[in-house]
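Trainee: Submitted below is the structure of interest, expressed as structure tokens.
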Amino acid sequence: MIAPDLQERLRAVRHLVVFTGAGMSAESGIPTFRDRAKGLWAKVDPAEVATPHAFKKNPQFVWDWHVHLADAVSRARPNEGHAAVARLQEFVPRVTVITQNIDNLHQAAGSRTVIELHGNLMRLKAFVDVDELFSGDASPVICRICNGYAIDDELDPYAGPEDLAAIELHAGSVPHCPACGALLRPDVVWFGEPLDPGMLDDAFLAAETCDALICIGTSLEVEPAATLPWRALNRGALVIEVNPVSTQLSQSASASLSGGAAATLPLLLQSVWGSVAR
Ligand code: BV8
């Protein structure tokens, strides 16, 4: 699996970062991003549909595309790889999971510190039309329930947070905030949208100060998330990759394990910490 000296280094790790992409959830039945691009549904490139411009142009189409993804996510359960990542918390004093995935499966598997760089599909938030905002056409009334901009400067005084929380991502017309009428959208980071700056700073700091980073199931094609393994490598951390296919990281990583997450991660835990009880 990995050389004895790397096993030794891993056993001594105090802070481990686990950085994951869509391949982490492939064996839970959620299509990877590239599979979605050639997926049967709608045959659209995710980078074309997961954008604020596409939503503004055709909210229902973009909503339906995310509903289709949510159907797979709601049926998905954590796989053996997610379980192994959660078990790392038994052996390593500090484990930070940084995921590009929006499926909540790391949390469901028991990982306690999870940075969701690209949001979470099952949460909704108000759609803010940035063009309208910058042109000064947005309503001056900010909604106390969804933090969006009231559609007609009016708020329903009787609407409460529970009314918003009761709205879910499922088939049907695109919903509106019950208090201000703003269009709602999935709380994920679309292409062309900035990541949450605080969350990104936390992720950069974790990558730059960890002793080791395990990079699982990502093609490393999307920025700025893709910089994370390099930030760890450049600071002298041990970097291990788990992917059935080689990536631009494979040659530079301390070890590159060719295999699927669900089979490879339990083997990695067994070979490194198998005899270690905490
Ligand atoms: C930003 C949420 C700046 C949505 C995602 C124009 C304007 C602005 C920015 C850009 C621009 N042009 C390009 C950019 C940068 C852009 C970008 O990187 N584009 C790419 C296409 C080149 N980035 C952005 O737009 C980011 N924002 O830069 O903002 C800014 C600043 C100020 C003001 C305005 C703007 C936002 C990027 C986030 C996009 N949202 N997700 C949703 O999911 O619906 S990205 C989405 O795609 C995922 O979250 C993930 O990050 C990415 C897919 O990557 P992977 O996870 O790696 O998945 P993939 O399918 O590619 O690979 C799977 C891997 O798994 C493969 O390697 C495979 O071999 C492996 N695998 C398969 N099976 C298994 C396995 N591994 C293990 N086990 C298995 N069983």
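The values are calculated or read from the model by the stated rules, or taken from the named source; none is laboratory data. If you're wondering where the values come from, they're calculated on a predicted model, not measured in any experiment. Ideal geometry is used to build each Cβ from the backbone, glycine not excepted, and the neighbour counts take in all protein chains shown. These accessible areas exclude ligands, DNA and RNA; they are computed on the full protein's heavy atoms, side chains included. Shrake-Rupley method; radii C 1.70, N 1.55, O 1.52, S 1.80 Å.
Trainee: Going through segment 216-266 one residue at a time, which ones are within 13 Å of the ligand (Cβ to nearest atom), assigned to a helix (DSSP H, G or I) and among the hydrophobic types (A, V, I, L, M, F, W, C)?
Mentor: If the condition is that a residue be within 13 Å of the ligand (Cβ to nearest atom), assigned to a helix (DSSP H, G or I) and among the hydrophobic types (A, V, I, L, M, F, W, C), then Ala225, Ala226, Leu228, Ala261, Ala262, Ala263, Leu265 are the ones that fit.
Trainee: While we're on this one: Check whether at least one residue in segment 47-56 is farther than 26 Å from Pro197 by Cα and more than 12 Å from the ligand (Cβ to nearest atom), and report yes or no. Quick ask: steps written out before the conclusion?
Mentor: Of the residues in segment 47-56, the ones farther than 26 Å from Pro197 by Cα are none.
Checked against the condition, which is being farther than 26 Å from Pro197 by Cα and more than 12 Å from the ligand (Cβ to nearest atom), segment 47-56 yields no hits at all.
Trainee: Moving on to the next point. Which ones in segment 108-147 are under 24 Å from Glu208 (Cβ atoms) and open to solvent by 30 Å² or more (accessible area, probe 1.4 Å)?
Mentor: Listed by number, the residues that qualify are Arg112, Thr113, Val114.
Trainee: Would it be correct to say that Leu184 is hydrophobic (A, V, I, L, M, F, W, C), touching a residue at least 40 places away in the same chain (Cβ under 8 Å), more than 10 Å from the ligand (Cβ to nearest atom) and in a helix (DSSP H, G or I)?
Mentor: When the stated conditions are applied, Leu184 does not pass them.
Trainee: Moving on. Within segment 8-22, count every residue that is within 16 Å of the ligand (Cβ to nearest atom) and surrounded by fewer than 24 Cβ atoms within 10 Å (Cβ to Cβ).
Mentor: The total comes to 1.
Trainee: Cβ-Cβ below 6 Å, separation at least six or inter-chain, first residue in segment 97-115 and outside any strand (DSSP E or B), second open to solvent by 30 Å² or more (accessible area, probe 1.4 Å): which pairs?
Mentor: Filtered contacts from segment 97-115: Leu105/Pro78; His106/Val114; Gln107/Val114; Ala108/Pro78; Ala109/Pro78; Ala109/Ala83.
Trainee: Within segment 41-71, track down each residue that is crowded, with 18+ Cβ neighbours inside 10 Å, touching a helix residue (DSSP H, G or I) at 6+ places or on another chain (Cβ under 9 Å) and of a type in the set (Gly, Ala, Ser).
Mentor: Listed by number, the residues that qualify are Ala50, Ala54.
Trainee: Can you report the number of residues in segment 67-89 which are near the ligand (Cβ under 10 Å from one of its atoms) and either assigned to a loop (DSSP other than H, G, I, E, B) or touching a Lys or Arg at 6+ places or on another chain (Cβ under 8 Å) (or both)?
Mentor: Of the residues in that region, 2 qualify.
Trainee: Sticking with this one: For Ala159, all conditions in the list (1) open to solvent by 50 Å² or more (accessible area, probe 1.4 Å); (2) in contact with a Cys (Cβ under 9 Å, 6 or more places away or on another chain); (3) part of a loop (DSSP other than H, G, I, E, B) hold save one; what is the number of the exception?
Mentor: All conditions pass for Ala159, except number (1).
Trainee: Here is a further query. If you take the residues of segment 96-137 that are of a type in the set (A, V, I, L, M, F, W, C) and farther than 22 Å from Ala26 by Cβ, which of them is nearest to the ligand (Cβ to nearest atom)?
Mentor: The first filter runs over segment 96-137 and keeps only residues of a type in the set (A, V, I, L, M, F, W, C), leaving 97-98, 102, 105, 108-109, 114-115, 117, 121-122, 124, 126-128, 130, 133-134.
Now narrow it down to the ones that are farther than 22 Å from Ala26 by Cβ: 124, 126-128, 130, 133-134.
Numbers: Leu124: 14, Ala126: 17, Phe127: 14, Val128: 13, Val130: 8, Leu133: 12, Phe134: 11 Å.
By that ranking, first place goes to Val130.
Trainee: Moving on to the next point. Quick one: is Phe204 touching a Ser or Thr at 6+ places or on another chain (Cβ under 9 Å), assigned to a helix (DSSP H, G or I) and not polar (S, T, N, Q)?
Mentor: When the stated conditions are applied, Phe204 passes them.
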